[in-house]
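Quick notes on the structure that follows.
The values are calculated or read from the model by the stated rules, or taken from the named source; none is laboratory data. What you see is a predicted model, and the numbers here were worked out from it, not measured in a lab. All Cβ positions, even for glycine, are placed from backbone atoms using ideal geometry, and neighbour counts span all protein chains on display. Quick note on the areas: whole protein, heavy atoms, side chains included, nothing else; ligands and nucleic acids left out. Shrake-Rupley method; radii C 1.70, N 1.55, O 1.52, S 1.80 Å.
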Amino acid sequence: MVLPVAPTLSPITESSETIAGYLPELNTAALIMSIVHMTGDTGILEELPSPRTLDVVAAGAEAGEELLEGGYTAAQVQFVRERALAAIADLRAREGQLPPLTPATMDALYRFMCGPDVDAEYLEFINEEVALDGIDRRGLQLQDPALQARAAEFPVVIIGAGMGGILAGIRLGEAGIPYTIIEKNPGVGGTWYENRYPGCRVDVPGHSYSYSFAPNHDWSSHFPLADEIRAYFDSCAERFGVKPHIRFETEVVAAEFRDASGDWAVRIRGADASEQVLEARAVISAVGQLNRPKMPEIAGLEQFHGPLVHSGAWPRGLDLSGKRVAVIGSGASAFQIIPELAQTARQLTAFQRSPVWMFPNPEYHSPVGKGQRWALEKLPYYSKWYRFWLFFTSVEGVYDKTLVDPDWHSTCSVSADNDGMREALTAWIESQIQDPELLAKVLPTYPPFGKRILQDNGTYLAALQKDNVEVVTEGIVEVDARGLTTADGVHHEVEAIVCATGFYADRFLFPMHVTGRGGVSLNEQWSGTNGRAYLGITVPNFPNLFCIYGPNTNLVVAGSIAHNAESQVHYILECLGLLLERGQHTLECRQEVHDAYNARVDAVNAGTAWGSPLVDNWYKNEAGRVTANLPFRIIEYWKMTHRVEPDDFAIR
């Protein structure tokens with residue numbers, strides 16, 4: 001059976017010389033794939049080795065020859081570029097007509113990219129993500145008129161209009177299920193609407209940080225800034241007709257499951273403080289984990305007379321130029337804020353509780369070049385394969401280096417592989433810092449992946465060495481009107497305090513009051529900060545309540561949060577489809593299924609660097625249990641969420 005060919009692309013009108021100048025910007029693995037699509041000949045796949053992920057710190061060398069992206073030598077890369085020029089010339093001669101895409105060709109492409117031993121289930125996983133045939137396999141298609149009629153009488157309330165909420169709205173709309181999105185902010189974007197501090201950007205590649213069915217070829221940089229990401233989700237909400245379903249500047253105060261009717265009463269409060277109750281057959285929480293800023297608990301903080309801001313609630317128009325500024329915190333937000341403020345502040349004092357590991361990444365602030373944009377828009381299938389390369393290398397990246405070896409005894413690492421990572425990351429930091437005193441402050445002593453590893457192109461470490469920047473590692477004991485006092489008795493006089501101190505990450509659905517079957521309080525069932533859910537999505541005693549980016553779904557090293565959101569929304573739609581097909585009212589996760597899954601989650605998390613007792617991090621709750629992170633490979637989680645097992649639920 002011959003599958004559909006690629007959709008029509010913009011014609012290639014540039015000269016061969018111009019195209020040759022573009023090719024050095026392109027990803028070699030994706031370019032190889034595009035050559036096969038243009039020629040219909042898989043022979044090049046036999047002439048080259050499969051691409052592979054190189055060490056995150058240094059490409060290293062093989063037989064004395066430097067390896068480039070994908071593990072290719074300079075000679076191999078040049079060979080690919082020459083073949084690409086020839087393939088493009090032939091394509092133009094055929095007026096852009098592509099050869100048919102056959103199952104055999106698809107299989108050869110997948111096995112070249114992922115390895116010849118990839119199994120059938122993994123091939124299904126890849127095919128769903130790449131969708132070479134143009135078929136979107138993640139939606140719910142209701143062809144039966146009777147099911148369509150039931151869907152029209154199945155209203156859903158979605159809480160939050162960030163990545164997950166907009167996605168849920170798109171999929172519900174496709175299925176003909178009515179929905180309302182409640183969003184506390186004046187616009188869409190979720191965390192990308194709220195986080196507007198200087199330097200705020202995503203720390204995964206932008207071309208993989210989008211919906212699979214709505215790729216964005218217009219990112220201005222490889223790791224886009226917050227405003228650009230917010231604009232992307234806003235455009236998706238507009239494009240897919242979601243915006244008319246959103247009630248902005250409105251919060252969910254409470255959600256109560258009504259046993260008698262088997263539906264939900266969702267109490268909302270508008271900007272004018274007026275309240276209303278919405279009735280819903282299902283509720284989808286898309287509030288995520290990082291949406292309620294957490295201020296530090298420091299005596300006297302409220303007495304400070306200058307600007308006191310949290311990174312997650314940065315006031316519009318705030319200008320700290322020429323001021324003496326304190327930044328409290330050293331996590332992801334502080335890592336981005338400090339280099340920006342260091343350029344304009346009179347004096348910046350960085351109060352660091354613990355240093356961070358960082359991957360060296362020269363592309364972190366780099367713009368997307370003209371050649372890359374050209375390829376994404378005009379080279380057949382290049383954009384699909386480039387996105388997949390970014391996705392695949394994150395999925396099959398460094399997961400094994402995070403796992404604890406019980407026979408490895410060290411306070412600085414959890415295994416030999418993890419220690420090798422520690423040595424490589426240490427070498428990077430040492431290469432950037434000349435001052436021994438500063439090096440001792442910024443070099444972590446805990447295992448890599450014990451806390452989130454950040455991306456650095458040298459900017460952060462360079463900022464710490466500026467004359468107007470000081471790193472303070474003594475704990476803050478008190479704040480007064482004019483500054484902060486540390487444990488060594490030193491008073492640091494400042495004019496502004498920036499708190500980059502994270503969020504209430506372990507208080508899922510906080511501060512809403514959610515009540516389930518028999519009046520059970522979700523907050524009480526979770527003991528406040530011990531959130532648990534089956535697959536991170538469904539909770540016993542709470543029929544037809546679903547979570548996106550719920551407990552134990554955060555990713556550390558093993559994949560794409562966008563892919564995870566699509567897996568979760570797909571699963572939720574499958575659950576709703578099951579109810580519609582059976583003509584039944586509620587679906588509730590069985591306690592024993594939930595408990596067995598969470599026991600496995602806890603066991604695997606305990607065997608990772610972030611679950612190690614050697615580290616304290618935001619992934620853990622106050623009892624030391626990891627409530628944030630998904631400990632499985634993405635392929636495992638995809639298998640779990642790909643199809644609903646009816647026996648996992650009590651369906652009534």
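Set side by side, the residues Arg267, Arg230 differ, and just one is at negative phi, part of a strand (DSSP E or B) and not small (Gly, Ala, Ser), which is Arg267. A Cβ distance below 6 Å, combined with a sequence gap of six or more or placement on separate chains, defines the contacts here; from region 497-512, residues that are touching a residue at least 60 places away in the same chain (Cβ under 8 Å) and farther than 29 Å from Arg267 by Cβ reach residues that are of a type in the set (Lys, Arg) and open to solvent by 20 Å² or more (accessible area, probe 1.4 Å) in the pairs Thr501/Lys294.
Of all residues in region 278-295, those satisfying the criterion of being farther than 17 Å from Leu172 by Cα and part of a strand (DSSP E or B) are Leu278, Pro293.
To keep it simple, each residue is scored yes or no on (1) without any contact (Cβ under 8 Å) to a residue 60 or more places away in the chain; (2) farther than 30 Å from Val325 by Cβ; (3) buried (at least 18 other Cβ atoms within 10 Å of the Cβ); (4) in contact with an Asp or Glu (Cβ under 8 Å, 6 or more places away or on another chain).
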residue: Gln347; (1), (2), (3), (4): no, no, yes, yes
residue: Gln352; (1), (2), (3), (4): no, no, yes, no
residue: Pro360; (1), (2), (3), (4): no, no, yes, yes
residue: Phe391; (1), (2), (3), (4): no, yes, yes, yes
residue: Ser394; (1), (2), (3), (4): no, yes, yes, no
residue: Ala424; (1), (2), (3), (4): no, yes, no, yes
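Given the criteria open to solvent by less than 50 Å² (accessible area, probe 1.4 Å) and out of contact with any Lys or Arg (no Cβ under 6 Å at 6 or more places or on another chain), does Leu439 qualify? The answer is yes for Leu439. Checking each residue in region 9-32 for being more than 13 Å from Pro380 (Cα to Cα) and either open to solvent by less than 10 Å² (accessible area, probe 1.4 Å) or assigned to a loop (DSSP other than H, G, I, E, B) (or both) picks out Thr13, Glu14, Ser15, Ile19, Leu23, Leu26, Asn27, Ala29. Ala313 falls short on exactly one of the conditions (1) in contact with a Phe, Trp or Tyr (Cβ under 8 Å, 6 or more places away or on another chain); (2) open to solvent by 50 Å² or more (accessible area, probe 1.4 Å); (3) among the hydrophobic types (A, V, I, L, M, F, W, C), and that condition is (1). Counting the residues of region 128-151 that are closer than 16 Å to His570 by Cα and either in contact with a strand residue (DSSP E or B) (Cβ under 8 Å, 6 or more places away or on another chain) or open to solvent by 30 Å² or more (accessible area, probe 1.4 Å) (or both) gives 4.
The number of residues in region 460-483 that are under 10 Å from Ala350 (Cβ atoms) and open to solvent by 30 Å² or more (accessible area, probe 1.4 Å) comes to 2. Among the conditions (1) open to solvent by 20 Å² or more (accessible area, probe 1.4 Å); (2) touching a residue at least 60 places away in the same chain (Cβ under 8 Å); (3) part of a loop (DSSP other than H, G, I, E, B), the only one that Asp407 does not satisfy is (2).
So if I check each of Phe546, Phe503, which one is at pLDDT 95 or above and open to solvent by less than 50 Å² (accessible area, probe 1.4 Å)? The conditions single out Phe546.
Condition check: among the aromatic types (Phe, Trp, Tyr), outside any helix (DSSP H, G or I) and touching a strand residue (DSSP E or B) at 6+ places or on another chain (Cβ under 6 Å). Does Phe546 satisfy that?
Details: among the aromatic types (Phe, Trp, Tyr): yes; outside any helix (DSSP H, G or I): yes; touching a strand residue (DSSP E or B) at 6+ places or on another chain (Cβ under 6 Å): yes.
For Phe546, the condition - among the aromatic types (Phe, Trp, Tyr), outside any helix (DSSP H, G or I) and touching a strand residue (DSSP E or B) at 6+ places or on another chain (Cβ under 6 Å) - is met.
The single condition from (1) farther than 23 Å from Asp467 by Cβ; (2) more than 23 Å from the chain's Cα centre (by Cα); (3) surrounded by 17 or more Cβ atoms within 10 Å (Cβ to Cβ) that Gln372 fails is (2).
Answer yes or no: is there a residue in region 566-573 that is surrounded by fewer than 21 Cβ atoms within 10 Å (Cβ to Cβ) and in contact (Cβ under 8 Å) with a residue 40 or more places away in the chain.
No; the residues of region 566-573 include none that is surrounded by fewer than 21 Cβ atoms within 10 Å (Cβ to Cβ) and in contact (Cβ under 8 Å) with a residue 40 or more places away in the chain.
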